[in-house]
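The values are calculated or read from the model by the stated rules, or taken from the named source; none is laboratory data. If you're wondering where the values come from, they're calculated on a predicted model, not measured in any experiment. Here the Cβ is made from the backbone with ideal geometry for all residues, glycine too, and neighbour counts use every protein chain on show. For accessibility, only protein heavy atoms count, side chains too; no ligands or nucleic acids. Shrake-Rupley method; radii C 1.70, N 1.55, O 1.52, S 1.80 Å.
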Amino acid sequence: MKMRLMVAGLALALSGCGTVGGWFGSGPAKAKPAELVEFKSTASLDQAWKVETGDTAGHLFHPLAEGDDVFAVGGSRVVRIAVANGQTVWNTDAGVKLSAGAGAGQGLVLAGSGNGDLLALDRASGAVRWKVALSSEVTGRLLAVADMVIARTGDGRVHGLAVADGSRKWLYSRSLPALSLRESGGMVVRDEVLYTGFPGGKLVALNAANGAQLWEATVALPRGATELERVADVMGNPVVDERQVCAVAYQGRVACFDRRNGSLLWARDTSSNSGLAMDERNVYVTDDKDAVTAFDKTSGAVGWRQDKLARRQVTAPLALGDWVVVADGEGVVHVLSADDGSFVARAKVDSSVRPAPVDIGPGFAVQTARGSVVAFRLK
């Protein structure tokens, strides 16, 4: 497993540089990020607050807003933050190095470790309610839905656990290809159906109550002569509305499927190593060339493409009303117009940002590699 993840990390790195040597200290240096273009700001973007969690140590932590709070993970710590003013309500040391979180729901706050520990903390106090050992490193998104906690591990398993004590209710497992990207395969639940992507380009719908597979669809087919060329992993969390669920794959395509039976509605060739977002009009994808593209969510037609952020290691997008928000590896936050992709506003944080910005009600927040959670007001 360790070797698989190490090689998978190389696969992700290759998508953003010209040569392998540039990542190992020999050969040409990594391509320089595109210079920031000048523009006239048409929206106000102000930092509201900043809270320290802990060094992310290369993990892709996702802050989560629920109600009046933001929950975040960093290092070995889980933090509850008041949305209104950034005040830390509680800060709990989990006692282990964390690899995934935060999740929240049903009175719990969830975090996972690289050793396979899944922790459930009391939302009100931050005290650990229960801790269970899963099969391998806990990765990606953590969910609490009805009486179920749902977690993924790096060995291709999805675990359904009881909210009360973490006991196993169901387990979904599938084999993984020889190589896969470490941060592949997110999850989303809607109407008691869990939609989750896998290495190898598959999107699966599961009954969230019992883990039974409802359908399986192909986002991308692995192609190529080598294992590296055949990496075609679903990246980020799928997005869903009343009619359809959409996902995007590395070295593959963006595709939308009928939620009822998984039949393909439309697909367009693209490659993403970060993910996508959706609003009432469009599906927004950050591709592996760091361009952001808006696809009409009904037809898949391209509405606009913002390609002025090349080689800046751009995150998956956040669709936020009239805007689309991304951040980059230089620690710059970019606000784009949802109408045409033009630059609307810009801000700088203390270090690189890898996870997508998150909606926190009034405004949005990003988590930096140094472990800062920074909230912005946008108007």
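Taking 8 Å as the Cα distance limit and 6 or more residues as the minimum spacing, I'd like the relative contact order of the chain as a percentage. Could the numbers behind the result be given before it?
Working: 1082 pairs, mean separation 53.8, N = 379.
Dividing the mean separation by the residue count of the chain yields 14 percent.
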A correct Karplus calculation of ³J(HN,Hα) over segment 128-135, with 6.51 cos²θ - 1.76 cosθ + 1.60, θ = phi - 60°, whole Hz and x for Gly and Pro, returns 6, 7, 7, 9, 10, 9, 9, 7
The summed charge of the residue 42 Cβ neighbourhood (under 12 Å; Lys/Arg +1, Asp/Glu -1) stands at 0
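How big is segment 247-379 by the Kirkwood estimate over distinct Cα pairs, in Å? Don't jump to the answer; show the numbers that get you there.
On the way: mean 1/r = 0.0673 Å⁻¹.
After inverting the pairwise mean of 1/r, the radius is 14.9 Å.
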Projected onto their principal axes, the Cα atoms of the chain stretch, largest extent first, over whole-Å spans of 52, 49, 47
dims of segment 225-269, Cα set, principal axes, largest to smallest, nearest Å -> 38, 18, 16
Rounded to the nearest Å, the spacing of the alpha-carbon centers of segment 95-134 and segment 32-80 is 20
Listed residues 72, 57, 338; largest mean-square fluctuation, Gaussian network over the chain with Cα springs below 10 Å, found at 57
Candidate cut points under trypsin sites (Lys or Arg not before Pro) in segment 247-276, DSSP loop plus at most 13 other Cβ atoms within 10 Å of their own Cβ, are 260
Computed, not fitted: 222 nm per-residue ellipticity of the chain from DSSP H runs ≥ 4 (each -39500 (n - 2.57)), nearest 500, equal to -1000 deg cm²/dmol
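Short version: what are the Cα gyration tensor semi-axes of segment 184-295, square root of 5 times each eigenvalue, largest first, in whole Å? Each step should come with its number before you reach the end.
Working: eigenvalues 92, 56, 24 Å².
Calculated on Cα positions only, the semi-axes equal 21, 17, 11 Å.
Compute the accessible area per residue over the chain, keeping the other protein chains in place, probe 1.4 Å, unit Å². The partial results should precede the final answer.
Numbers: 15250 Å² over 379 residues.
I get 40 Å² per residue for the chain.
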At q = 0.13, 0.23 Å⁻¹, the log10 of I(q)/I(0) for segment 99-207 from a Debye sum over equal Cα scatterers comes to -0.43, -1.32
Lys pairs in the chain with Cα under 19 Å (8 or more apart in sequence, or on separate chains) total 16
Around residue 126 (Cβ within 15 Å, Cβ-to-Cβ, excluding residue 126; K/R +1, D/E -1) the net charge comes to +1
Here P(r) for segment 261-335, Cα-Cα distances in 10 Å bins, as whole percents, is 20, 53, 22, 4, 0
